[in-house]
Amino acid sequence: MKITMRLVTIIVLILVLGALISATHAASDNETESGTGNEGNSDSTTGNEGTGNNTTGNEGTSDSTTGNEGNSDSTTGNEGNSDITGNEGNSNSTGNDGTTGNEGNSDSTEGNSDSTGDEDNSDNSSEDDTGTDGDGSGDDGSGDFDGASNNPAAVQILTEVIYSRFSNFTAIFNDDIVEHLGFCISDADAEWDAAFNFSKNTEFLSECLKTTRGRDVLPRLCTAAEVKFYGASLMQIAEESSDAKSSNYLKPNKNCNLSSWVSGCEPGWACSVGKNKQVDLKNSKDIPNRLLNCRPCCEGFFCPHGLTCMIPCPLGSYCPLSNLNKSTGICDPYRYQLPPGQPNHTCGGADIWADFLTGTEIFCSAGFYCPTTTQKIPCSRGHYCRAGSTEQTKCYQLATCEPQTTNQNITAYGLMFFGGITLVLLIIYNCSGQVLSTRERKQAKSREAAARSARETVQARERWKSAKDTAKKTASGLQSQLSRTFSRKKSVRQEPLKIPGQPKPGSDAALPPMPGGGSDQKAKKQSNLTKMLHDLEDDPDSHDGFDMDIGDKNLKKQMPKAKQLHTRSQIFKYAYGQIEKEKAMQEQNQNLTFSGVISMASDVEISRRPPIEVFFQDLTLTLKGKKKHLLRSVTGKLVPGHVSAVMGPSGAGKTTFLSALTGKATGCIITGSILINGKDEPMQSFKKIIGYVPQDDIVHGNLTVEENLWFSARCRLSADLLKPEKVLVVERVIESLGLQAVRDSLVGTVEKRGISGGQRKRVNVGLEMVMEPSLLILDEPTSGLDSSSSQLLLRALRREALEGVNICMVVHQPSYTLFKMFDDLILLAKGGLTVYHGSAKKVEEYFAGIGINVPERMNPPDYFIDILEGIVKLNASSGVKYKELPLRWMLHNGYPVPPDMLDSAGMPSVTGDSAHGGNPAATGPDQSFAGDLWQDVKYNVGQKKDHLRLNFNKLQDLSNRKTPSVFQQYRYFVGRVGKQRLREARMQAVDYLILLLAGICLGTLAKVSDETFGSTGYLYTVIAVSLLCKISALRSFSLDKLHYWRESASGMSSLAYFLAKDTIDHFNTVVKPAVYLSMFYFFNNPRSSIFDNYFVLISLVYCVTGIAYILAIYFEPGPAQLWSVLLPVVLSLIANQDGDTFVTTIGDFCYTKWALEAFLLANAKRYSGVWLIQRCGSLKIKDYQLEDWYPSLAYLIATGIASRGLAFFCLVTFQKK
């Protein structure tokens, strides 16, 4: 980690400081050419002062501002270099350290010097503007800069000249920055302004000019070669040592080595190249000789240990001159010590710019702000200052910010938001049902008004019927009297002449006219009543005259058509009018006996549905690989308009028989033939008009009875069916199943009780009745129902049979009353063998023919099932054994009999050991364990293959019913899921409350660390949000698997179902990140904006929700929850690994890596100026790139989309038919 940080430090310094070198070099050229320092226009060069016997090392450098006063021909830097080139103030030319301590003992001073040069005899700090360094080089001053130093305008002009080129370095080094630092610098100009834009305050440059007498600033700056050498040395040290800070010096170089170690090599000190030399600051190959005039580093600059040059400190740092701490021997506020054996050496300036951990002392302290690199001001009340701040930031109004506050405390806003969110959640928790209840009450009022109006209409018709009955009796009595009176004349009387318009005696016209009617209306009423009386005279016992003709026909003519109905009230009136009419017909026909069926079937109002006749011949099902028969040689047919009952003992294959008919039997070998309407068509081609009622009550418990039925009707009825007709269908089913009293009640779940078990069973049947099927198959619909409820259900099913519906149902030992309501009976024995298939009324006759008579007061179906179960022993006198009954039936009807049954007559191969009633027929010799295992594997693979074939087998639709499109079904699903979510608002509120608590805990415990950019808190955030959101998203599909399997098998769109679930879950995708951040952000207060964090969390929640869909669909609830907990933790730990290993390679493909990277990048881009090395080093260690913030979000969203696609594939592939 430290090696990487050092490497980044090197790259940053090379590029940034190289740019500074270029800029200052340009400033130097400009300085030479400009005339700002031409004071006096003298012909003599001040740089030649003191060129005599300068044995003390006094170079006599001029204090002039430009070094070229008087515009003389002499070149700058040639001053006083006669005897001292490379041998500064020392007779020895070796420059050994051993003589360094004796340098600077001269008492001579320059005449215009501001201070004495006797540094060796005092502990003066480097702030004394002395011209004497520790090498005894003496004072440089000729005193000519004194005048300029007293001229602020001249100093300011020179400062501006030096700084003028700082702002254009990025154009020169832009390519290098992009190549080497593109991962952490996205905008070079912006980063330059943030780190080295001193335009607001260049005071530190002015002070450095005054300290160095002007012309010595540029020769002290590091060249490109020195910066590169500095970086290479740090790299080498980092590679050789586990702790890069353990070494106190760099590797030897031209200026600092064992034979030449001037004071400028010490940390915080720098030297000059000499006055008669020009330095190419762009030169990256050769290090210049920089051994002269060594002095402490200027304030605002730092001088590395082992180099004799200085570098400007970036904004956000504080680089004052240090002071010796005599108790520790350290130069405060830095970490270096004075060199031993050099009592004249003093503490210098800053010595390092590095990451926060390595160079903490150079960063502006938290609680302070540094407008320049030489000023540090404490934060005032009402403001806060983070580490490395250049200005103080105003606190929010409710935040508590005392003086020198490092970070504002905005927990008050978090607590306020927490209180608001909690209040909203409490309101939702307690009032979630009121929204739907209000709407339901409004609809109930409209519906009740329509039902009341329909009942009043029926009552009026009944009163009118009673009046007609009275009129009929009166007319009949009058006719009898007239007949007796004129009986004698009647025999001889001629036929009277008919007079047009003269009413017949006893007719309506003979009665007094009723008030309030027009002439046409009166004539119509008279003609109707006349026809009625004529019919009564012809057949006095007939009731048809009063049946429904008059009222119904008038009602038909007065009733608007379905297309003309628009309002809810009109639709309900139409529906209840039809229902009341049907009730009257049922009352007229009494019980639905055979004659009643014929009477109702002849009514023109009962529509006929497309018929489906099912014929099956020699139907046999055998388990693959086990040679075990589930059904065997079953032959018969199911006729439209009939209610067929399938009965038999447990294990007789009743449910298997239904599955075989509907084509849902998997893992079996099916032989024989199944014909639909005489054609060999697959049953799945007619699934839109086939209803299948499962044995389990698969009903949505968080919907009302009416909502369950309405949803099934909307999605499965014909799309072109008008809404009034759909309302009529639903209301008819509710009325026929006796669900009016509980229509607005929730069905209920295991946790929350709703309607009773019998009512739930009827709702389960009603879901298939409302789609108006042509073939309705029911698996034990009367199980768990009492006798009255069973009769109510059978009456409703017989009403369906009137419309031509082919109904087949499995029944367990029905009562005699129910048994008499069935048209056909299929009686199966164990092993799936047929014992009887025919009319239910002739079953007793058939069994009596083979010697089995039903005892008195014994329910025939109970007796037959007891015989097949072996409970009732047949008399030996009958000569029949119960195991021979299937063989008797085959021989009776002339069906082909399997050879093994003929051979084993009297010794049936059927045993009751199997759970399915099958027989382990023709099993070979005992196989080994490996053979059994291989057979099981083959069986399981074959079963999976059959499932896939069923799921992906696209058959031609032969139902001739166009159901709603995918988009329309999507709308219906969205409405249903929305209601379910609203009723589950309490559970949602608990989820939000847990997220709030998680945000408070993690925001409080995981404080943002500047050196890691808050990676710890964000790591916890990724784990917590992933875990909580995954677990809550599991409920979207885990709890509805059975409902989906039923709905998809009936032809509903799987895509619409999936998209609707996902659409409603988008509400949580948007809200949950805000709920979590409302606590985490206000308690943690990172530097990144709340919107950046919100966008990352939205992407993360969207991603993990899609992954949760896969887990919920593919696994059972228990394993799915375990995986939801395990995945975020493991993947987050993998994503947080550093280095170049196989684990980190895996982490590059983990969603947790992308989320953590996006969080850190959003925070890291807020760190600039002095934080540049810290930012680049951290990103280099993590192998992150600043420009990858948007790609990271894109990866998260793409993962969410891909996981949803995979989840949908699992949904349609691994579903259980």
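Pairs LYS251/LYS285; LYS465/LYS583; LYS679/LYS761; LYS394/LYS1182; LYS624/LYS830; LYS228/LYS1165: which are spaced more than 23 Å apart, C-alpha to C-alpha? Over 23 Å apart, Cα to Cα: LYS679/LYS761; LYS394/LYS1182; LYS228/LYS1165. Annotation: amide H of PHE368 within the under-5 Å range of CYS379, sequence separation 5 or more or interchain, hydrogens built in the peptide plane. Solvent exposure of the range 966-1017, expressed per residue, is 45 Å² of accessible area, with all protein chains present and a 1.4 angstrom probe. Between amide H atoms placed 1.01 Å from N, distances below 5 Å from LEU828 occur with MET647, GLY648, VAL835, all of them 5 or more places distant or on a separate chain. For the cross-link pairs LYS687/LYS1041; LYS687/LYS1061; LYS1041/LYS1061, which exceed 18 Å when the distance is taken from alpha carbon to alpha carbon? With Cα atoms farther than 18 Å apart: LYS687/LYS1041; LYS687/LYS1061. Accessible surface for TYR882 stands near 80 Å², nearest 10, in the context of the full protein assembly shown (1.4 Å probe).
Each Lys or Arg adds one and each Asp or Glu subtracts one; over the other residues with Cβ under 14 Å from the Cβ of VAL843, this totals -1. For the range 609-682, the equivalent ellipsoid derived from the Cα gyration tensor has semi-axes of 22, 15, 10 Å, listed largest first. Out of the DSSP beta bridges found with both residues in the range 688-826, what percent are antiparallel (nearest 5)? Taking every DSSP beta bridge with both residues in the range 688-826, the antiparallel ones total about 10 percent.
Given charges of +1 on the Cβ of Lys and Arg and -1 on the Cβ of Asp and Glu, with all other atoms neutral, how large is the dipole of the range 304-443 about its Cα centre, in debye to the nearest 20?
640
For VAL1129, the shell of other residues with beta-carbons less than 15 Å away shows a net charge of +2, using +1 for Lys and Arg and -1 for Asp and Glu. Sorted largest first by accessible area at a 1.4 angstrom probe radius, with every protein chain in place, the residues VAL1096, VAL897 fall in the order VAL897, VAL1096. 3J(HN,Hα) along the range 326-337: 5, 6, 9, x, 9, 7, 6, x, 9, 10, 8, 10 Hz, from the Karplus curve 6.51 cos²θ - 1.76 cosθ + 1.60 with θ = phi - 60°, whole Hz, x for Gly and Pro.
In this Cβ point-charge picture (+1 for Lys and Arg, -1 for Asp and Glu), the range 241-358 has a dipole of about 380 debye about its Cα centre.
Its Cα centre serving as origin, the range 955-1102 has a Cβ charge dipole (Lys and Arg +1, Asp and Glu -1) of approximately 680 debye.
Round to a whole angstrom and tell me the spacing of the C-alpha centers of the range 651-692 and the range 743-809. Distance between centres, Cα-based: 22 Å. Taking amide H as placed 1.01 Å from N in the peptide plane, ASN806 has its amide H under 5 Å from the amide H of ILE612, GLY641, LEU775, LEU776, each at least 5 places away in sequence or on another chain.
Rank LEU307, LEU721 by accessible area, highest first, at a 1.4 Å probe radius?
LEU721, LEU307
Modelled spin-label separation between LYS326 and SER650, with each label point placed 7 Å from Cα along the Cα-to-Cβ direction: 10.2 nm. Note on SER685 and ASP903: the model spin-label points, each 7 Å out from Cα along the C-beta direction, lie 3.9 nm apart.
The HN-Hα couplings worked out from phi for the range 956-961 by the Karplus form 6.51 cos²θ - 1.76 cosθ + 1.60 (θ = phi - 60°) are 5, 7, 10, 7, 6, 10 Hz, whole numbers, x standing for Gly and Pro. Volume of the convex hull of the range 694-745 (Cα atoms only), normalised per residue: 90 Å³. Accessible area per residue for the range 1044-1146, computed on protein heavy atoms with a 1.4 Å probe, is 37 Å². A dipole drawn for the range 1019-1143 from +1 and -1 charges on Cβ atoms has a positive end, and of ALA1120, GLN1137, HIS1043 the residue lying farthest that way is HIS1043.
Taking the charge dipole of the range 618-703 about its Cα centre, with +1 at Lys and Arg Cβ atoms and -1 at Asp and Glu Cβ atoms, the residue from ALA652, LEU630, THR662 reaching farthest to the positive side is LEU630. Taken per residue, the accessible surface of the range 679-785 reaches 33 Å², heavy atoms only and a 1.4 Å probe.
The values are calculated or read from the model by the stated rules, or taken from the named source; none is laboratory data. Since we're looking at a predicted model, the values are computed, not measured. A quick note on method: Cβ atoms are made from the backbone with ideal geometry, for glycine too, and the neighbour counts reach across all protein chains shown. Please note that ligands, DNA and RNA were not included when accessible areas were found on the heavy atoms of the full protein model with its side chains. Shrake-Rupley method; radii C 1.70, N 1.55, O 1.52, S 1.80 Å.
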